[in-house]
Each structure stands twice: as structure tokens, then as C-alpha cells.
Amino acid sequence: MANVVTAPEAEFEQELQAFDNDVDEVVQCFYIWRTVHAVARRSRKVYDLLNRNGFWVVALGSIQANSLIALGRIFDRDPRTHNVRRLLQLAENNRTLFSKAAIRQRKNKDLANASHLIDDYISNVRDRD
């Protein structure tokens, strides 16, 4: 972890961003792999072109490996790394981040000129103990 963050909200946001980046990476790799394979299945010509030289074989293997590496980061058990367990632990230890007041404050920052949207959104939020 490159940045040291002390405030619980900032730390949670940093962990959530790292988690979001890894999930996006996995999803992108999956859809690239799936799309190339779907096109190759529909067209023997495309299939033959993809297999003509080693480039696409290596590229698709690299995409697949990259997705496994990103999944490894998401589910890593090392508490010093960004992972889903750490994100969930931060959420559990800082439940006040999800109170109506905290959510309203974040939404006010994100939607400064749309108080009617914020009021509507907050009306559907339930505080939990």
C-alpha cells in the first residue's frame, strides 16, 4: 500500500477504489477473452487467422493470466494488501460511515446542486445498529 491514510472514511475510500480497479480489470479481461472467442467460434476464417501465428495465442493467454492475478489480489489473505477481506473489515469497524448523516454528507459533496435528488436518495436509506 503506497499511501498511508488515517481517517477511516479516507482509508475506506482508498480501499474501495483499489477493489473497484481490480474488479474492473477482471471484468475487462473476461469480456476481451469472451469476445475474441465468440468471434472465432462464428467464423472459421477468423479462427484460422487468430491461430496463424502465436501473437493471439500469447495475447489471450496473457489476458487470462492477468485476470487470475487480479482475482488473486481481490482475494489475497495478506492483511497488508488491498483485498476484499480488508475492505469488509473496514466497513465492519466503521459502521458510522454508512449512517444517514455520513451518506448525506458524501452525497452533498458529490451532488452539490441537486438537493432534491439527495433528499429522495436519503429517504430510502435506513440506519442500522
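Any idea what angle helix 100-110 forms with the longest principal axis of the chain, computed on alpha-carbon atoms, 0 to 90 degrees, nearest 10?
Helix 100-110 sits roughly 60 degrees off the main axis of the chain.
Sorted by accessible area with a 1.4 angstrom probe, largest first, how do Thr35, Thr96, Thr81 fall?
The ranking, largest first, comes out as Thr96, Thr35, Thr81.
For an R0 of 22 angstrom, estimate the FRET efficiency from the Cβ-Cβ distance between Ser115 and Glu92 and round to the nearest 0.05. Provide the component values of the computation, followed by the final result.
Numbers: r = 31 Å, r/R0 = 1.41.
Calculated transfer efficiency: 0.10.
Which value, in Å² and to the nearest 10, is the accessible area of His116 when all protein chains are kept and the probe is 1.4 Å?
130
For the chain, set up a GNM with springs between Cα atoms under 10 Å and report which of Arg34, Arg85, Arg44 has the largest fluctuation.
Arg44
For Cα pairs less than 8 Å apart in space and 6+ apart in sequence, what is the mean separation divided by the residue count of the chain, i.e. the relative contact order in percent? Before the final figure, lay out each step's value.
Details: 87 pairs, mean separation 33.8, N = 129.
Computed over the chain, the figure is 26 percent.
Find the accessible area per residue for segment 6-62; the probe is 1.4 Å, ligands and nucleic acids are left out, and the unit is Å².
Numbers: 4080 Å² over 57 residues.
Value returned for segment 6-62: 72 Å² of accessible area per residue.
For a label point 7 angstrom out from the Cα of Phe30 toward its Cβ, which stretches of segment 66-88 have the backbone nitrogen within less than 12 Å?
Of the residues in segment 66-88, 67-68, 71 have backbone N under 12 Å from the label point off Phe30.
Would you mind telling me which residue in Gln14, Gln105, Gln28 has the biggest mean-square fluctuation in a Gaussian network model of the chain, where springs connect alpha carbons within a distance under 10 angstrom?
Most flexible of the set in this elastic network: Gln105.
Just Leu87, Leu117, Leu71 to compare: in a GNM of the chain, with alpha carbon springs under 10 Å, which one fluctuates most?
Looking only at Leu87, Leu117, Leu71, the largest GNM fluctuation is found for Leu117.
If the chain between Ala102 and Asp20 were fully stretched, how many nm would it gain, using 0.36 nm times the residue separation less the Cα-Cα distance?
Numbers: separation 82, 0.36 × 82 = 29.52 nm, distance 2.09 nm.
Gain in length upon complete extension: 27.4 nm.
May I ask for the percentage of alpha-carbon pairs in segment 21-129 that lie more than 20 Å from each other? Numbers along the way, then the final one.
Working: 3752 of 5886 pairs.
Within segment 21-129, distances greater than 20 Å cover 64 percent of Cα pairs.
Quick one: pull the percent of accessible area on the chain belonging to carbon and sulfur, 1.4 Å probe, ligands and nucleic acids left out. List each step's numbers first, then the result.
Values: 5350 of 9660 Å².
The C+S portion of the solvent-accessible surface of the chain is 55 percent.
The values are calculated or read from the model by the stated rules, or taken from the named source; none is laboratory data. Here the structure is a predicted model, which means the values were calculated and not measured. Note that each Cβ is placed from the backbone with ideal geometry, even for glycine, and that neighbours are counted across all protein chains shown. The protein model used for the area step is the full one, side chains on, heavy atoms only, and it has no ligands, DNA or RNA in it. Shrake-Rupley method; radii C 1.70, N 1.55, O 1.52, S 1.80 Å.
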